[in-house]
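Worksheet: one structure, shown below.
The values are calculated or read from the model by the stated rules, or taken from the named source; none is laboratory data. Quantities reported herein were computed from a predicted structural model and do not represent experimental measurements. Note: accessible area is taken over every heavy atom of the protein model, side chains too, but ligands, DNA and RNA are not part of it. Shrake-Rupley method; radii C 1.70, N 1.55, O 1.52, S 1.80 Å.
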Amino acid sequence: MEKQPRLLSSQLSLQNRVCDVTLNCVVLTWKERETTKKRVSGSFLGSSRAAGSHCVPVCEIIAVQETTEACQSNDAGRWQMVPQQPSESEQHAFTVSYVERMRGHRWRCSEVTFHCTDWRLCQQWIQTIKEQLSQLTSRPKSLLVYINPYGGKQRGKWIYEHKVAPVFSRASISTDVIVTECANHARNHLKKEADLKKYDGVVCVGGDGMFSEILHGLISRTQCDSGVDENCAETLVPSALRIGIIPAGSTDCICFATVGTNDPVTSALHIVIGDSQPMDVCSVHHNNTFLRYSVSLLGYGFFGDVLTDSERKRWMGPARYDISGVKTFLSHRYYEGTISFLPAADIFGTPRDKIKCRSGCSVCQKQSTEKLTEEEREGSYGVWRVTRGKFLAINAASMSCACPRTPKGLSPAAHLADGTTDLILIRKCSRLDFLRHLLRHTNKDDQFDHTFVEVHRVQQFRFTPKHWEGGSELDLCESKNRLFGQICRQQPVCGCAPAHSSWNCDGEILPQTTIHVRVHCQLIKLFARGIEEKTVFEDPYTLCAV
Ligand SMILES: CCCCCCCCCCCCC/C=C/[C@@H](O)[C@H](COP(=O)(O)O)NC(=O)CCCCCCCCCCCCCCC
Ligand SMILES: Nc1ncnc2c1ncn2[C@@H]1O[C@H](COP(=O)(O)OP(=O)(O)O)[C@@H](O)[C@H]1O
Ligand SMILES: [Ca+2]
């Protein structure tokens, strides 16, 4: 590979050790030397041997600033600013803040301070690094932040103020912050009021439900501004603004599946350095009327019932899902219905592939480079298939849905941005078998390797519950409620199982059960980069091997 031209190279001092510091267009490197101290005009010279080597890609430098020396005064025990001494031996310094990779995909903001005696040299370093950073045009300068103060453990505000705002301020990002006052506040503000021209992105502090609000606000606003009708549009207009997720909810699967961890500082750093991860969005329609969008899980049966039950237990915080999970598992309800789906072509792989969607995924990249027309795309997907039966769960995972409960996800090989969703059908089976299947989400075994589990990679699907086939959903719903609702509520394990479940759509209950789902390839972008391969965070030096 061609060597990058050097912009600057000096010997600077780092914690009283001499370092060879070099900046080119791609990386900042410093190598410590063991030195017999001998100062020459602002630089140290001395006999040396390489003692430690560091390398930071320019695109992962957060900021640079001149450092004012601080030292502890002996008597008061407090930190005081040392007055500037206009002497020959005066030390000048600058501090570079940069991304450092920790275990488990977490990132931290680290700092290194270089000293020198030549003021001009110090300024030259600061200016040159600043110029390099100003050329990184994908970095946001202005953000609109929405905080759900009631998500998860109700720590959204604290997390933002203590973990995120300092990182944004270090990177000189300006923010307008809105703490939501009620559900749908963020969605409606984005949809109707926000002056989006002022911003380079939107930040969501909350869980998957809060993200869903932001997603809906942004997509609807974009369609409205472009004159597109969400009810009948085959093709939707992608949003120009990226969304950043600061995890502060109960599941936070969208953050986990796109970053690899639920950590506010890591997410803030992905935003600051201007990462970009395209993401598929499913549109859900009922009788040609638009209902909702989904990016993670659309789940009928088990996950719909868990969510319905958990809504009454919101006060419990994230633990509500475990309680409702056990309760729903024990009730062991199954539901009859018909699923028709349009399988994705072979080139998209299958949900049982060993290859996973990771940072810079080639499968997803292919989608953004291959400019197929909608017709060509449709043509390559084959014919609709139909299947009926009794199901414990019907899950559509547009992404892996990895989260702390299942680090590999509901569909470990699903892609973030390939234009497909993985349809997982769990047919009626014994409680023990279903438990075995659930447990496999938490270990290395293949959760699809059961006779009662079927998986398909699809581009569209439809679902119709059995009792409503050909009928009007609302009428039948009402009559069913009148007839069986009372009995079933009182005796949930009565054998007269309710005929329908509900759809869990990214953590929101859908009002209808007969739905048509279409995947819109790469409709939105996040401030993320997908999960990095282990080698990258175990050995960040590989990043510098440019
Ligand atoms: C026995 C252990 C079984 C572990 C099975 C783990 C499967 C977990 C799959 C999680 C998929 C998550 C997909 C994301 C959904 C979110 O959009 C959505 C909203 O998130 P938000 O609150 O942050 O806004 N979250 C959810 O719908 C929560 C789903 C959580 C399901 C937990 C299920 C626990 C099941 C426990 C069964 C235990 C059986 C024990 C028998 C004695
Ligand atoms: N200020 C608010 N008061 C009440 N509900 C809110 C508020 N702001 C957002 N919400 C709603 O709270 C729900 C849950 O939010 P979320 O941040 O996803 O937390 P969790 O992960 O705990 O479910 C979302 O459906 C969102 O619409
Ligand atoms: Ca996908």
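Couple of notes before you dig in:
- Vicinal HN-Hα couplings computed from phi for region 117-132 (Karplus, 6.51 cos²θ - 1.76 cosθ + 1.60; Hz; Gly/Pro x): 8, 8, 4, 5, 5, 4, 5, 4, 4, 4, 4, 5, 5, 4, 4, 4
- Full-stretch length increase - residue 355, residue 195 - with 0.36 nm per residue and alpha-carbon distance subtracted: 53.4 nm
- Counting only protein heavy atoms and using a 1.4 Å probe, the accessible area of residue 352 comes to about 110 Å².
- Computed log10 I(q)/I(0) for region 203-280 at 0.12, 0.24 Å⁻¹: -0.37, -1.10, from the Debye equation with unit scatterers placed on every C-alpha and solvent omitted.
- Region 168-320: C-alpha pair distances exceeding 28 Å, %: 23
- Of the cross-linked pairs 141/163; 157/525; 390/525; 428/466; 354/390, those separated by over 26 Å at the C-alpha level are 390/525; 354/390.
- Close amide H partners of residue 297, meaning residues 5 or more places away or on another chain with modelled amide H under 5 Å apart, are 506.
- Residues whose amide H lies under 5 Å from that of residue 522, counting only those 5 or more places away or on a different chain, are 279, 280, 281, 419; hydrogens are built 1.01 Å from N in the peptide plane.
- Backbone geometry of region 428-440 corresponds, through the Karplus equation with coefficients 6.51, -1.76 and 1.60 at θ = phi - 60°, to 3J(HN,Hα) couplings of 3, 8, 6, 4, 4, 5, 5, 4, 4, 4, 4, 4, 5 Hz, x marking Gly and Pro.
- Once backbone amide H atoms are built at 1.01 Å from N, residue 145 has 176, 177, 178, 203 as its partners under 5 Å, excluding neighbours fewer than 5 places away on the same chain.
- Scalar couplings 3J(HN,Hα) for region 253-263, obtained by applying the Karplus form with A = 6.51, B = -1.76, C = 1.60 to θ = phi - 60°, are 6, 5, 5, 4, 6, 10, 10, x, 7, 9, 9 Hz; x denotes Gly and Pro.
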